[in-house]
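Each value in this text was obtained by applying a stated rule to the coordinates, not by laboratory testing. The shown structure was predicted, so the numbers you read here are calculated from the model rather than taken from an experiment. Positions of Cβ are backbone-derived with ideal geometry, glycine not excepted, and every protein chain shown enters the neighbour counts.
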Amino acid sequence: MSRIKHNKPEEDLATAPGPLNICLDITKDEINRLPLGRFEGTIHLITTPAAARAAVARLKEVEVLGFDTESRPAFRKGENYSPSIVQFATNYEAYLFQVKRFGGLELLKPLLESESPIKVGVALRDDIKRLQQVDRYDPAGFVEISEISRRLGIEKTGLRSLIGMFLGLRISKNAQVSNWARRTLNHKQIIYAATDAWMSRRLYMLVRKAEQEHLNSNNLNTDH
């Protein structure tokens, strides 16, 4: 298991006191004017069975994990590639599992098939379906952020839009269409993969707080 260390990211806004200040809509131009956000915690590259077992044991102790996958892009009609990378993120650490280097999903099933910790992300149905191409498993404990955001009246529920609305940041897509099946990931790929999973976790914490504030407000209105 190799490790890349950065400075610790800022404290989760979800733990800050006071109500959230968010917008419920955002345009592409507005997103493009936002500052870039990137993960600055510790990144673990998991490439061996031993490292995978140790990482899964640590991640099982976490309550909420940001989740995402990365697959080799397909440029021809009918082409379809299963995920090469499975990412999990805490507030300060990201774990990138190169699953094809240690035989598939068997070692990740204690996470993927468990109700705890919860795995949060956007467009999870696609990730879950593609992972079935790597190995059959019974997914459990996945929470779709876009479903929560729709309950708040938000229509643009893609990851990029939600990050812009809730975090005031944008994410770089420079490494999105790259060869994730390569044995050695480059620096841009590593940062991109870690950032996607970490942003999902931060986003979930904020969306969940916004939903709770919305419910509390409705309860107050009902009482009067």
From phi via Karplus (6.51, -1.76, 1.60), per-residue ³J(HN,Hα) for the stretch 66-74 in Hz, x at Gly/Pro: x, 9, 6, 9, 10, 10, 4, x, 10
Considering only the stretch 82-224, percent of DSSP beta bridges that pair antiparallel, nearest 5: 60
Non-local Lys pairs in the stretch 105-224, i.e. 8 or more apart or on different chains, that have alpha carbons under 20 Å apart: 7
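Place a +1 charge on the Cβ of each Lys and Arg in the stretch 2-223 and a -1 charge on the Cβ of each Asp and Glu, then give the dipole magnitude about the Cα centre in debye, rounded to the nearest 20. Don't jump to the answer; show the numbers that get you there.
On the way: 33 positive and 27 negative charges, 233 e Å.
It works out to roughly 1120 debye.
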Cα long-axis angle, helix 49-59 against the chain (0 to 90 degrees, to the nearest 10): 20
Sequence-distant aspartates and glutamates (8 or more away, or on other chains) whose Cα lies within less than 20 Å of K77: D126, D127
0 to 90° range, to nearest 10: angle between helix 187-223 axis and the chain longest Cα axis: 30
Under-5 Å amide H pairs with A94, H placed in peptide plane, nonlocal only: T42, I43, H44
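May I ask you to derive the relative contact order of the chain, considering only C-alpha pairs under 8 Å and at least 6 residues apart, and to give it as an integer percent?
On the way: 391 pairs, mean separation 63.2, N = 224.
Once normalised by length, the contact order is 28 percent.
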Nearest-ten-degree value, helix 124-134 long axis tilted from longest Cα axis of the chain: 10
